[in-house]
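The next block holds one structure in the form of C-alpha cells; read it before the comments.
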Amino acid sequence: MINLSYLPGAIENYFRDGTRWGCQIAYSYEGRIVDGKFVGSALGSAGGLKKVQDFSNFFDDTFLVVCGDALIDLDVGKLREFHRSRGAVATIALKEVPLSEVYRYGVVAVDETGRILRFQEKPRPEEAVSTTVNTGIYMFDPAVFEFIPSGVEYDIGGQLLPALVQAGAPFYGISPPFRWVDIGSIPDYWAATRLVMSGKIRGISLPGREIAPGIYTGINLRLNPEKVNLTPPVYIGSSTFIGDGATIVGPTVIGANCIIEGGAILKQCVIDDHVKIADIADISEKIIFSGNYIDPKGQYLDLAEADMEWVITDARKEINISETHLLLKELAHGAGPG
C-alpha cells in the first residue's frame, strides 16, 4: 500500500500494480480534485495509515511501514521476531549516527530490553539524549490505531511515537545490522548514487547489460565504444546517442533518450532522461534534472533563466541558436569567425 500526495502520477505510473516487482500494490490518494486536477493534501505518515484503515480495515495483523526515502537491506523477519517476542505495539529499526547529524532525525533513548523511554524529533545536538536514531522503518500491530485520530494530519515521528512513550505503551527499538542509506535530499541522493554505481550497496545491481568492464547500458544505443572515452563505472540508458569523441568519467549515470554530442565531457554526473548536452560542454560533479543544473550540495541553476539551453536542454525540442552562441561554439573549438 503506497500513500500518495506529492507527484502521485509519477509514482503510480512507475510502480503500477506491482506485477513487475512480484507483488500487489494499491494506492491511497491524500488530496482532492480541483478544476479537474489532483491537488495533494497530505495527512502525515500516521494520518495516511489511519485513512487506509478506516476505509477497509486493511491492516489486520502485524505490518511493516517504510518511509520511501532510503535504500535499505534489512532482514524484516528478524525485526518481526523481535517485535513479537516483546509483545510490542510498535518497534523501530534504529541506527547510530554522528552527533552532528542527529538534528536530521528522531532520536531515542532505550533501556537494556530495547524499550523506548524517550523520543525526540530532530533535536539540536547539544540537547540530544543519544545518537541512536529512528530510520523510518516501523513494525506495528493494529492496536497502534488506537493512538491515531481519524481525519486529521498526524505524523509518526513527531506525534505518534511521543504519544506511545507518554502512554507507556509497549514500544521498542532494535539496532540490527543493516545498510541504511538516506536519499531524502540532493546530497543524500548524490552520495547514494555513487555508492550504487560502485557496487557498495548490497542487493542493488546496475540494470542493463555490461558491454565492457564497468560499463552498463540499456538497449538501442547509438554509441561506438572505440570512439568514446569511457571510464567506469558508467550507466547509459536506452535509446541514448553518444557522439564520437565524447568523454564520460564515472561514476556517471546517463538517462534514456539523451543526446551527448561528440566532444562533450562529463565527469561524475547524474543526467536525467531526455537531456541534450552540446559538444562544448565540460561538466563535472553535477546533477542535471528537469531543467535544473544542481551541484551535490543541493545548489541549483535554472537552465532557461541562465540562458544555457543552447548547451544543456531537452533532447526532444528544437533550439534556435543565436549568432553569438554559434560564434562561442566556433571559438571553443579553435575556429575563428567566417
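Values in this text are rule-based calculations from the coordinates and carry no lab data. This structure is a prediction, so every number in the text was calculated from the model and none was measured. Neighbour counts run over all protein chains shown; Cβ positions are idealised from the backbone, glycine included.
A few notes on this one:
- With each label modelled as a point 7 angstrom along the Cα→C-beta vector, the ARG32-ASP69 pair spans 2.6 nm.
- The alpha carbon gyration tensor of the range 78-156 gives principal lengths a ≥ b ≥ c with a/c of 1.5 or higher and a/b no greater than b/c, which makes the shape oblate.
- Full-extension gain in nm, VAL165 to ARG86, via 0.36 nm per residue minus C-alpha separation: 26.9 nm
- Translational diffusion coefficient (Stokes-Einstein; Kirkwood radius from C-alpha pairs) of the chain at 37 °C, 0.692 mPa s, in µm²/s: 143
- Placing R0 at 41 angstrom, the Cβ-Cβ distance between THR131 and ARG202 gives a FRET efficiency of 0.95 after rounding to 0.05.
- Per-pair calculated FRET efficiency, R0 = 22 Å: ARG16 and ARG104 via Cβ, rounded to 0.05: 0.10
- Length-normalised contact order for the chain - Cα pairs under 8 Å, 6+ apart - percent: 11
- Kirkwood-based Rg to Rh ratio, the range 186-332, C-alpha trace: 0.97
- Given charges at beta-carbon only (K, R positive; D, E negative), |dipole| of the chain in Debye: 780
- Taking 0.36 nm per residue of separation and subtracting the Cα-Cα distance, full extension of the segment from SER290 to VAL249 would add 12.6 nm.
- Sequence-distant lysines (8 or more away, or on other chains) whose Cα lies within less than 18 Å of LYS95: LYS78, LYS122
- Against the empirical curve 2.2 N^0.38 Å, the C-alpha radius of gyration of the range 157-215 lands at a ratio of 1.79.
- Computed FRET value (nearest 0.05) for ARG118 with SER175, which takes r as the C-beta separation and R₀ as 22 Å: 0.85
- Between the helical axis of 323-332 and the longest alpha-carbon principal axis of the chain there is an angle of about 90 degrees.
- Whole-angstrom Cα spans of the range 1-42 along principal axes, big to small: 35, 15, 12
- Bridgeable lysines around LYS276 (alpha carbons under 25 Å apart, same-chain partners fewer than 8 residues away excluded): LYS227, LYS267, LYS286, LYS297, LYS317, LYS329.
- Cα-based convex hull, the range 191-257, per residue volume (Å³, whole number): 77
- Cα pair count fraction exceeding 18 Å, expressed as % - the range 13-91: 61
- Prolate/oblate/rounded label for the range 38-132 (Cα gyration tensor, a/c 1.5): oblate
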